[in-house]
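Input: a single structure, listed below in structure tokens.
The numbers here are math on the coordinates, done by the rules we state, and not lab data. Please read all numbers here as calculations on a predicted model, not as lab measurements. Positions of Cβ are backbone-derived with ideal geometry, glycine not excepted, and every protein chain shown enters the neighbour counts.
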Amino acid sequence: MELKDYQRRALETLRAFLDQATIRDHATAYAAACAVGEPGAYGAAYRPLAGLPDVPYCCLRLPTGGGKTLLAAHAVGVARDTYLAPRFPVVLWLVTSTTIAEQTLGALKKIGHPYRQALEAAFGGAVRVHGIDERRQLRPQDMADAATVIVATVQSFRVNNVADRNVYRDDEELEPHFAALPATVDLARHETGPRRGKPIASFANLLKLHRPLVIVDEAHNFTSTLSGETFGRLAPAAVVEFTATPVRSNVIVSATAAELKAADMIKLPIHLSQHSSWQAAIAHAVDNRAWLESIAARDGGGIRPISLYQAQPAREGAEATVEVVRRHLIEDCRIPEDRIAVATGSQRELDGIDLFDPTCIIEHVITVDALKEGWDCSFAYVFCSLASIRSGGAVEQLLGRVLRMPFATRRSSEELNRAYAHVSEKNFFEAAEGLKDRLTAMGFDERTALEAIVEQPETFEWREDQSLFTRPELPVLHVQERPDQSDWSPEMVAATRIADDGADGVAITFDTAAPDAVLRDVASAIASAETSPVAAMEAFLVQRAACLSPAEQGEVLTLPRLAIERDGQLEILFPETLVDVGGWDLRQVDTGLPGFALTDRPDTFEMDVDGDQVVYSRIDAAAELALDDATHWDVATLSRWLDRTTRQRDIAQPIFLEYCRRVVEGVAERIPLAQLVRGKHALRRAIVARVAQLRHEAGARGVQLLMESIAPVLALGENGFSFSKAGYDPRTLYAGPWRPRKHLFAQVGDLRHGGEEWMAAVQIDDHPAIHRWVRNVDRTTWSYTLPTATDLFYPDFVAELTDGRKLIIEYKGADRTDNADSREKRNIGARLQEVSGGSVVFLWAELDRGGGVARQIDAAIA
């Protein structure tokens, strides 16, 4: 399963936190991770776990539907590569209930499941997954040659008296794990009897022996149950939480509901209907589901809508109990009995049923709170609460069951991209406020929660939602019948948005960026006796052409790139090229690590890399030796681990592996291999720092050669760079009132209205010598770049002059014009202008120089 952008960002942030936590105090690591995950978003101070200040502890916050379990599976490999000591760690995966434990365990064990694939990819397939009931099957050798994941509920470990739980009791099946351990290993031991002083052969002691990575799913439920005392019995190496609503956690990254919606993970908005009685709420929920079923039948996506009813608990005064709701559906709503399933603590009619099976006929599911977690059927579209939605409790979790988008794919039928809620409240305001509170409790920010709620009238009709239109002035096509999309191409489905229009017809809008041929295919596929869709589409295409940007009309802005000739071939200059030109070859470099020292102490490793001293805190040395015996490692094994965890994009894997091997051999001549293995994270960071230093030195030599002795050439035509309608990524859209006249694209990226670069853009757009220009956005696939010794240089603006010359502008404030990085960029730009023979002008524009950007342009192009 391909990760979404926000999921990759979350994992990179976790990587940054754990990587920093190996060498710095955890508060500093936390601050560094927050800067990566979402700069400035979290100002709270780092709070360590009670009694465990040396255990890194963080939380990833994702709203309901964000894929927390998938991220947790990927997090295991991230933790192994950055912080955990053993090659094959032990993972304790804690969940809230037995039901969720069974589901998680089944998914992690299932070959081919995305969760299992994530684990196997990290460990080369060497993974064993066990439920806590299978703990007696664990064998020392099995745990030595594969990652071991144990899924358990938090209740298994939560006790005041350790004798109350099996996991803390002596078990002869586990005794082989504790044979011949040094007396210094910190474990719970027998206090009396013939085995006095010997380790208790308990599962908790086994975990403590291996210092597990602890994954905590839905961590907000554990605020009062996972105490520092409980964690202290397990001695975790690190604790990573996943939740939508953090309570006590060190949040390092947060995904928003808007990101989930943009990634097609959740259904939004939620159409809310308020009803005066529970009977009316059920009747409308039934109609709502049937209406969606008729739409889904023609959508072609294989979706079978399901309604989820939250009945009232059976207590005095309760009206809409489970049995009452079930009887009402059968007798009053005429729903066949075999299409209804009850899922409560005592009635488990969904057990063994695959709701995604095309032959499944279940359409209505009744529960109280049994489905509040661990039940993920994205076919659930309609939520009907027969208790007050303001009561909280299980409501937000039940509502979360209808938010997940089927197959994480947006449908062209807009009705199938939304969720529907029916509640019994006195008025809409109370219903909306209650729903807003529930969404906020699920991880939505308050503004998003308010915007996600749309009042639904008594009948289901189409609403003109401006978010459907890229350009509101383009027409809507109305037809009498919803088209059957079952045989449409994916391009045709993606190009359309369809919704009931409230007048017994259907409104169809179109993606304004879709190709003409695709839109004509859509028009031909739509049949209507009263409308000519083909004629309407042709009118639509004519109108669309009239409001296209220059790029959409076919204009192109081409720019040359710097290149060199090598072995008769033209080679575009990238940082890697300059590094190569400067003599970069790891096969020839000295493999020493100047300044590297590793001192083995009971609790500390100390590393010094080129004078930058850092303290590397680890667990007790004797315990570490017991867990990660150096006899299991040799030079080749440590070299492979270093190669895998420090991969370099510009070095062939065999070459880098051999470099790691030579480094290990050299360092092992003065530092024992056992000590190197225990301090391998320090060694890894030293190698990363050394390789970066060598690369920078080679790149600087390459730049110097480019300035003095190597004659670069301009790469033009197919070897050059073009801005065209094929691609431009604005990243952050300019949202101010100013409208440029000469920008190549309809959208302008990365400009803050009133800022320095916005003022420069205004002067560029107004300049009479400028024909077309583009705001060149940093670090996208569609950006123009020049090389430097260590990175790519992204000029702020590029333009074509009216006389055909190209103008490249880098704009700087006064405080950023005279440092090593700026001088290198100015030299590269000047070199490009020099070899262009006058066809390219490079301007280093400054805020306080030359009477503004316009006059600096005049001077540069004169």
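Highest-first packing order for the peptide set 325-331, 380-386, 634-640, 349-355 is 380-386, 325-331, 634-640, 349-355, based on the mean count of other beta carbon atoms within 10 Å. The residues neighbouring Thr496, those whose beta-carbon lies less than 12 Å from its own, together hold a net charge of -1 under the Lys/Arg +1, Asp/Glu -1 convention. Efficiency by 1/(1 + (r/R0)^6): what FRET value for Ala179 and Val762, r their Cβ-Cβ distance, R0 = 56 Å, to the nearest 0.05? Step by step, r from the Cβ atoms, then E = 0.15. Footprinting exposure proxy ranking of Trp773, Trp738, fewest other C-beta atoms within 10 angstrom first, gives Trp738, Trp773.
For the range 178-199, the residues whose amide N sits under 11 Å from a probe point set 7 Å from the Cα of Asp170 along the beta carbon direction are 189-199. Taking 0.36 nm per residue of separation and subtracting the Cα-Cα distance, full extension of the segment from Asp351 to Ser294 would add 17.8 nm. Based on every Cα atom in the range 705-862, Rg and the maximum pairwise Cα distance Dmax equal 15.2, 49 Å. Highest mean packing first, where packing is the average number of other Cβ atoms within 10 Å per residue, the peptides 10-18, 178-186, 142-150 line up as 10-18, 142-150, 178-186. Here the residues Glu2, Glu834, ranked from fewest to most Cβ neighbours within 10 Å of their Cβ, fall in the order Glu2, Glu834.
Charge dipole of the range 298-361 (Cα centre as origin; +1 on each Lys and Arg Cβ, -1 on each Asp and Glu Cβ, all else neutral): 140 debye, rounded to the nearest 20. The value given for the range 63-127 is a Kirkwood hydrodynamic radius of 12.5 Å, derived from the mean inverse Cα-Cα separation.
Label separation (Ala188 vs Arg640): 3.7 nm, computed from points 7 Å beyond Cα along the C-beta direction.
Count Lys and Arg as plus one, Asp and Glu as minus one, and take only other residues whose Cβ is under 11 Å from that of Arg741; the net charge is then +1.
Modelled spin-label separation between Phe407 and Glu669, with each label point placed 7 Å from Cα along the Cα-to-Cβ direction: 6.2 nm.
Please give me the summed charge of the neighbours of Leu570: other residues whose Cβ is under 14 Å from its Cβ, Lys and Arg +1, Asp and Glu -1. For residues surrounding Leu570, the net value is -2. Taking other Cβ atoms within 10 Å as a rough exposure proxy, Asp803, Asp484, Asp217 sort from fewest to most as Asp803, Asp484, Asp217. Counting each pair of different Cα atoms once, what's the Kirkwood radius of the range 476-546 in Å, rounded to one decimal? When all Cα pairs of the range 476-546 are included, the Kirkwood radius is 12.2 Å.
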